[in-house]
Structure formats: C-alpha cells, structure tokens
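Data first, discussion second: the structure below is written as structure tokens.
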Amino acid sequence: MILKWLILGVIVYVVYIAFFKSKSVQNSKGSFDKKDDDSEDLVECSECGTFVAKHEAFIKNGKFYCSKECMLKG
Ligand SMILES: [Zn+2]
C-alpha cells in the first residue's frame, strides 16, 4: 500500500517541522533575555554634571550628586 507510506511520510514531516519551529522560538527567547542585562541607570550630578550609576549616587532634596562633597556644596 503506497497510501500507508505516504501518510507516514506526512506525519514524520509535520513532527519534524513542529520540533524545528519550537526549537527556534526557544533560541530567540534566550537572546531577548540577555538584552535586558546590559541596561544601566545613570543620573547626572546636580553640582558638577558627572554621570554616576543611580545605586551609587547621593540624594538630597530629590537631587542626585556624584559624591558627598558635591552633596554638601549643593
Ligand atoms: Zn558632582
């Protein structure tokens, strides 16, 4: 029966395409997650204008400063 082998061939082809598609989706998702790690939040010092990472900045009266000296001046 040729029809039996034809159906089997179609099933194998569909399974192969479904597997290949799901694999490529996982790969694109992985590279998308990597993109988020590169972003860093920088703020400008209100006194001297130096850019400093937000988690390292000094804050006084809602303004950001690069160092304690700038914070005392401003
Ligand atoms: Zn400063």
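Selection of the range 61-74 for residues being in contact (Cβ under 8 Å) with a residue 12 or more places away in the chain and either assigned to a helix (DSSP H, G or I) or more than 12 Å from the ligand (Cβ to nearest atom) (or both) yields 70, 71, 73. Considering the range 16-53, and only residues there that are out of contact with any strand residue (DSSP E or B) (no Cβ under 8 Å at 6 or more places or on another chain) and at pLDDT 95 or above, the residue that is surrounded by the most Cβ atoms within 10 Å (Cβ to Cβ) turns out to be 48.
The values are calculated or read from the model by the stated rules, or taken from the named source; none is laboratory data. Here the structure is a predicted model, which means the values were calculated and not measured. FYI the Cβ positions are ideal-geometry reconstructions off the backbone, even for glycines, and counts take in every protein chain you see.
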